[in-house]
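Structure first, then comments.
Computed from the coordinates by the stated procedures, all read-outs in this text should not be read as laboratory data. This one's a predicted model, so the numbers in the text were calculated from it and none came from an experiment. So basically every Cβ, Gly included, is an ideal-geometry build from the backbone, and we count neighbours across all protein chains shown.
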Amino acid sequence: MNIDGRTEIYGIVGWPLGHTRSPALHNAAFERMGMNAVYVPMPVAPGGLRAAVEGVRALGIKGLNVTVPHKVEVAKYLDRVEGVAAELGAVNVIVNRDGELVGHNTDVEGFGLSMEKSGAKVEGAEVAVLGAGGAARSVIRALIDAGAGGIQLFNRTLSKAEETADALGGADAGIDVRAFSDAKVDTIISDCSIIINATSLGLKADDELPMNPALIRRGQLVIDLIYEPWKTRLLEAAETAGATATNGYGMLVFQAFEAFRLWTGSAPPLDAMWEAGLREGLNG
Ligand code: ATR
């Protein structure tokens, strides 16, 4: 890598940033495309976000990914928020267009593309979504866009699930809401062809499972948005039951793919990104 006066700077802001595969994905694409650009992790603590965004303007940083816990707050420091990012109130990409900072959301499209790549049949499917936070919102938006037959949204906190469902069109958009404690949960999950874990349960080794694994059956597709650990206990249970198990790595790569396109106007080499992120996982 050759850093000089014309090197364009990109990065990711979040807290705690910990280990992130995003630099590996984007730097691999810059390198493969022969671009004079670099992508660096930028940990920004809560309370520091406004100053960080001002820094983007002052330093001429070309683009940023935004991750937990800043995706909602960041919108108020930007000049504009476009499309689905405005609808969901969640920004995961900032584009610096000659000093104008524009917020976008590529998580929705990233999840949609990852479903396409995995060959999942979403159209007409009954889908169980576990969790109702920011990640769940992007997933549900993508499922609606892909023509899901119905979305069964389950969450520990019912009021939060209701809020999320309302923001996405509620019952009119085919979203049914229940608490995990609801007596009908087991029957409904068994009847769904796709189950998606969008809770944070599984990030830690001693986390309980987000659902009863005995409900998983052959023929179902179980997706866990978590990819670190690579295979959560939920995905292990899905494999044991003979279901198809997929983690969230595809969503990570495809949201990065779309972010790269927004920043540079060019599609990055998907295979180079995919492989670089896998290698980073082995090193990290
Ligand atoms: P993200 O942006 O990753 O979606 P989030 O908005 O904090 O993060 O959402 C976390 C999700 O995981 C929520 O659905 C949360 O449930 P609550 O709304 O009830 O808080 C869920 N979650 C986190 N810890 C959980 C736990 N111990 N049991 C059940 N659900 C949990």
Discussion item. Condition first: crowded, with 21+ Cβ neighbours inside 10 Å and out of contact with any Lys or Arg (no Cβ under 9 Å at 6 or more places or on another chain). Now tell me which residues in segment 124-134 satisfy that.
Written reply: Val127, Ala128, Val129, Leu130
Response to the item:
Listed by range, helices (runs of 4 or more DSSP H) wholly within segment 12-94 having at least 3 residues that are under 17 Å from Met1 (Cβ atoms), within 16 Å of the ligand (Cβ to nearest atom) and not basic (Lys, Arg) are none
Practice prompt. Select from segment 180-205 the residues that are more than 20 Å from Glu239 (Cβ to Cβ) and more than 23 Å from the chain's Cα centre (by Cα) and list them in ascending order.
Written response: Ser181, Asp182, Ala183, Lys184, Val185, Asp186, Thr187, Ile188, Asp191
Fill in: Single match in Leu235, Leu282 (criterion: in a helix (DSSP H, G or I), among the aliphatic types (A, V, I, L, M) and surrounded by fewer than 17 Cβ atoms within 10 Å (Cβ to Cβ))
Leu282
Fill in: Search result, residues across segment 21-34 that are surrounded by fewer than 20 Cβ atoms within 10 Å (Cβ to Cβ) and either within 17 Å of His70 (Cβ to Cβ) or in contact with a helix residue (DSSP H, G or I) (Cβ under 7 Å, 6 or more places away or on another chain) (or both)
Arg32
Item to complete: Output yes when any residue across segment 153-161 is over 20 Å from Met251 (Cα atoms), more than 9 Å from the ligand (Cβ to nearest atom) and surrounded by fewer than 23 Cβ atoms within 10 Å (Cβ to Cβ), and no when none is.
Response: no
Practice prompt. Pick out the one residue from Gly174, Gly248 that is surrounded by 15 or more Cβ atoms within 10 Å (Cβ to Cβ), touching a helix residue (DSSP H, G or I) at 6+ places or on another chain (Cβ under 9 Å) and under 30 Å from Leu25 (Cβ atoms).
Written response: Gly248
Worksheet item: Going by the conditions given, is Ser190 polar (S, T, N, Q), surrounded by fewer than 17 Cβ atoms within 10 Å (Cβ to Cβ), free of Cβ contacts under 8 Å to residues at least 60 places away in the same chain and more than 13 Å from the ligand (Cβ to nearest atom)?
Response: yes
Item to complete: Test Arg137 against the stated conditions and say whether it is buried (at least 24 other Cβ atoms within 10 Å of the Cβ), under 25 Å from Gly47 (Cα atoms) and of a type in the set (Lys, Arg).
Response: yes
Fill in: Hits in segment 43-62 (condition: among the basic types (Lys, Arg) and touching a Phe, Trp or Tyr at 6+ places or on another chain (Cβ under 8 Å))
Arg50, Lys62
Discussion item. One residue is enough: does segment 103-123 have a residue meeting the conditions surrounded by fewer than 18 Cβ atoms within 10 Å (Cβ to Cβ), within 26 Å of Leu17 (Cβ to Cβ) and within 16 Å of the ligand (Cβ to nearest atom)?
Written reply: no
Discussion item. Which numbered condition in (1) hydrophobic (A, V, I, L, M, F, W, C); (2) outside any loop (DSSP other than H, G, I, E, B); (3) more than 21 Å from the chain's Cα centre (by Cα) is the only one that Val222 fails?
Written reply: (3)
Worksheet item: When you go through (1) without any contact (Cβ under 8 Å) to a residue 12 or more places away in the chain; (2) of a type in the set (A, V, I, L, M, F, W, C); (3) closer than 15 Å to Val139 by Cα one by one for Ala198, which number turns out not to apply?
Response: (1)
Discussion item. Would you confirm, using the coordinates I've provided, whether Val93 is hydrophobic (A, V, I, L, M, F, W, C) and more than 21 Å from Ala173 (Cβ to Cβ)?
Written reply: yes
